[in-house]
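Visitor: After the structure tokens below, expect a handful of questions from me.
The values are calculated or read from the model by the stated rules, or taken from the named source; none is laboratory data. Everything numeric here is computed off the predicted structure, so don't read it as measured data. FYI the Cβ positions are ideal-geometry reconstructions off the backbone, even for glycines, and counts take in every protein chain you see. Heavy atoms of the whole protein, side chains included, go into the accessibility calculation; ligands, DNA and RNA do not. Shrake-Rupley method; radii C 1.70, N 1.55, O 1.52, S 1.80 Å.
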Amino acid sequence: MFIIVGLGNPGREYEQTRHNIGFIAINAVAENHGVKIDHLKFNALTATCMIGTEKVLLMKPQTYMNLSGEAVGEAARFYKVPPENILVISDDVNLAPGTLRIRRKGSAGGHNGLKSIISHLGSDGFPRIKIGVGDKVHPDEDLADHVLGKFAREDIDLMNETIKKAAAAADLIVQGETAEAMNLYNTKNKLKTPLI
């Protein structure tokens, strides 16, 4: 069994924000497999589907970003899923918009949602797909305001394409093709469109 977790914050005011790109991407995974993530379990909205021959639990934690590990840890313990079978999709301010970075494991890199998951799993050995949302434009801008802001209009098409790639990468990772996903989708976007 595999778990795919999209990170974000619940509530209408957070929809379509940079910090919720994990929710947006996992919705694309669900849509590709004909399910809706709408069943409340483990303090998360969940759905199950098959990806290849693998049964997969899709999760959108409803704990708010910084406590995401509570929901993920509970599901992992319930289903006895090891960290290497838990794929996390999150935003990354250190990557330009439209950039995907797939890793087999690693540190939280300053991301509080990943930090919480590492803490609750007792391991950083889980794969992740980081989706670039760009850094704040102005040095005096608050980072929280930046990640809770919405994408610039000119970046919408780019981000939609990136979400499709992230969903395709998730399918490959679940099917044991992480190296192939990295080869196909670990690309750098040269565009440095300022986000407002």
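Visitor: Given the conditions (1) open to solvent by 50 Å² or more (accessible area, probe 1.4 Å); (2) at pLDDT 70 or above, and given that F151 satisfies all but one, which numbered condition is not satisfied?
Guide: In the conditions (1) open to solvent by 50 Å² or more (accessible area, probe 1.4 Å); (2) at pLDDT 70 or above, F151 misses (1) alone.
Visitor: Another question, then. Look at region 64-84 and say how many of its residues are more than 11 Å from I117 (Cα to Cα) and either surrounded by fewer than 19 Cβ atoms within 10 Å (Cβ to Cβ) or aromatic (F, W, Y) (or both). Walk me through how you get there before you give the answer.
Guide: Taking region 64-84 first, the residues more than 11 Å from I117 (Cα to Cα) are 64, 75, 77-82, 84.
Then drop every residue that is not either surrounded by fewer than 19 Cβ atoms within 10 Å (Cβ to Cβ) or aromatic (F, W, Y) (or both), which leaves 64, 77-82, 84.
Count: 8.
Visitor: Scan region 35-76 for residues that are small (G, A, S), in contact with a strand residue (DSSP E or B) (Cβ under 8 Å, 6 or more places away or on another chain) and farther than 15 Å from A170 by Cβ and report the count.
Guide: Filtering region 35-76 for residues small (G, A, S) gives 44, 47, 52, 68-69, 71, 73, 75-76.
Of the ones still in play, those that are also in contact with a strand residue (DSSP E or B) (Cβ under 8 Å, 6 or more places away or on another chain) are 44, 47, 68, 71, 75-76.
Pick out the ones that are also farther than 15 Å from A170 by Cβ and you get 44, 68, 71, 75-76.
So the answer is 5.
Visitor: Can you find even one residue in region 90-105 that is without any contact (Cβ under 8 Å) to a residue 40 or more places away in the chain, over 19 Å from A25 (Cβ atoms) and not β-branched (V, I, T)?
Guide: yes
Visitor: Among all residue pairs at least 6 apart or on different chains, which show Cβ distances below 8 Å where the first residue, located in region 27-42, is basic (K, R) and the second is open to solvent by less than 60 Å² (accessible area, probe 1.4 Å)?
Guide: K36/A30; K36/A47; K41/A75
Visitor: Search region 91-117 for residues being modelled with pLDDT under 95 and hydroxyl-bearing (S, T, Y), and hand back the single one that is nearest to the chain's Cα centre (by Cα).
Guide: T99
Visitor: Can you tell me which residue among A179, A144 is modelled with pLDDT of 75 or more, over 18 Å from N27 (Cα atoms) and assigned to a helix (DSSP H, G or I)? I'd like the intermediate steps shown before the answer.
Guide: Working: A144 fails: modelled with pLDDT of 75 or more.
Answer to the check: A179.
Visitor: Turning to a different aspect of this structure: Which one is nearest to G11 (Cα to Cα) among residues in region 43-81 that are of a type in the set (D, E, K, R) and without any contact (Cβ under 8 Å) to a residue 24 or more places away in the chain? Give the steps one after another, and end with the answer.
Guide: Taking region 43-81 and keeping what is of a type in the set (D, E, K, R), we get 54-55, 60, 70, 74, 77, 80.
Of the ones still in play, those that are also without any contact (Cβ under 8 Å) to a residue 24 or more places away in the chain are 77, 80.
Numbers: R77: 27, K80: 30 Å.
Here the answer is R77.
Visitor: Of the conditions (1) in a helix (DSSP H, G or I); (2) in contact with a strand residue (DSSP E or B) (Cβ under 7 Å, 6 or more places away or on another chain); (3) among the acidic types (D, E), D91 satisfies every one except a single condition; which number is it?
Guide: Tallying (1) in a helix (DSSP H, G or I); (2) in contact with a strand residue (DSSP E or B) (Cβ under 7 Å, 6 or more places away or on another chain); (3) among the acidic types (D, E), D91 fails exactly one: (1).
Visitor: On to the next question. Residues that are under 17 Å from the mean Cα position of the chain (by Cα), at least 2 per element: which strands (runs of 3 or more DSSP E) completely within region 1-85 meet that?
Guide: Details: elements: 2-6, 39-41, 44-51, 54-61.
Strands (runs of 3 or more DSSP E) meeting the threshold: 2-6, 44-51, 54-61.
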